[in-house]
Amino acid sequence: MSQPNILLLGPPGAGKGTQSSNIVEEYGVDHVTTGDALRSNKGMDISDLDVEYDTPGGFMDAGELVPDEVVNEIVKTALQEADGYVLDGYPRNLDQAKYLDEITELDVVALLEVPREELVERLTGRRICDECGTNYHVEFSPPEEAGVCDKCGGELIQRDDDTEETVRERLNVFDENTQPVIDHYDIRDELVRIDGEGAPDEVWEELHAAIEDEV
Ligand code: ADP
Ligand code: ADP
Ligand code: ZN
């Protein structure tokens, strides 16, 4: 069959980025992630939309959702160009989920479940390679040399929105906006729940088996 279309759902910090890397390696699909796409366009002028902030970065630094008009367009283009994908960070509200239904067909919808306090710890300790985007955690998956990427030697940085205050706001936004997205797939019996609390390799083992079951 052609390459699978996989949707990875879960709250901020659940391990979507980490597990997406495994999926890319295993299946050779594209990683489509709205968070990274928006971070590359933080300063884009969206003042013509007449919304609360003039750039995506304004919403992101406040922990709020960037308007659907902006995000839907990014996803549509990326999915059209992909031969198989793992989609991460989208949909984050019900309107986005309905839009996604119109533009693509999913083979697997997996939800990574992790308790709230663990999420706060994961996010405030997260560090990202400025060069290649690899994820680290100061405690749970530290690099060999502090502040330096194992893979490419790039500098490890903390995201502007990974502060405790913004993290808590993002988790509230998740409960309010993204929980209905989970129900949207659950009602249609399309959702596979994965225990996201174990070590990254254990989570991958369960996720991999679930994907193999569906494709
Ligand atoms: P995390 O890795 O913590 O899940 P992301 O990198 O996916 O976070 O997203 C960071 C920020 O980018 C979000 O807080 C939000 O402001 C914006 N964003 C990402 N995806 C979307 C989306 N689908 N809809 C609206 N805003 C989004
Ligand atoms: P998301 O993309 O869902 O926001 P990430 O993959 O960026 O999540 O993971 C958030 C943080 O938690 C990162 O610092 C990552 O290294 C760490 N992490 C990911 N998976 C696990 C895990 N299973 N156990 C402990 N820490 C993890
Ligand atoms: Zn790197």
Notebook entry, point to check: Shape call for the stretch 147-186 from the C-alpha gyration tensor, a ≥ b ≥ c root eigenvalues: rounded (a/c under 1.5), prolate (a/b greater than b/c) or oblate?
Noted result: oblate
Notebook entry, point to check: Which lysines, on any chain, are close to Lys76 with Cα under 24 Å apart, when same-chain ones fewer than 8 places away are left out?
Noted result: Lys16, Lys42, Lys98
Notebook entry, point to check: Simple spin-label model, 7 Å along Cα-to-Cβ: Glu164 to Asp101 in nm?
Noted result: 4.1 nm
Note to self: Using Cβ counts within 10 Å as a stand-in for footprinting exposure, how do Cys149, Cys132 rank, fewest first?
What the structure shows: Cys132, Cys149
Item checked: Rg/Rh for the chain, where both radii come from Cα atoms and Rh is the Kirkwood radius -> 0.94
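If the only charges are +1 at each Lys and Arg Cβ and -1 at each Asp and Glu Cβ, what is the size of the charge dipole of the chain around the Cα centre, to the nearest 20 debye?
I would put it at about 180 debye.
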Check: Counting DSSP beta bridges with both partners in the chain, what percentage is antiparallel, nearest 5?
Finding: 30 percent
Next item on the list: With the cut-off at 21 Å, report for the stretch 147-215 the share of all Cα pairs above it, as a whole percent.
Entry: 57 percent
Next item on the list: Report, to two decimal places, the Cα Rg of the stretch 3-105 normalised by 2.2 N^0.38 Å (N = number of residues).
Entry: 1.08
Item checked: Cα pair distances exceeding 17 angstrom across the stretch 107-157, given as percent -> 43 percent
Notebook entry, point to check: Could you state the per residue volume, in Å³, of the convex hull enclosing the Cα atoms of the stretch 1-50?
Noted result: 125 Å³
Item checked: Cα extents of the stretch 48-119 along the three principal axes, largest first (Å) -> 36, 36, 19
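Values quoted throughout were computed directly from the atomic coordinates according to the rules given, and no laboratory measurement underlies them. The model shown is predicted, which means the values in this text are computed figures rather than measured ones. A quick note on method: Cβ atoms are made from the backbone with ideal geometry, for glycine too, and the neighbour counts reach across all protein chains shown.
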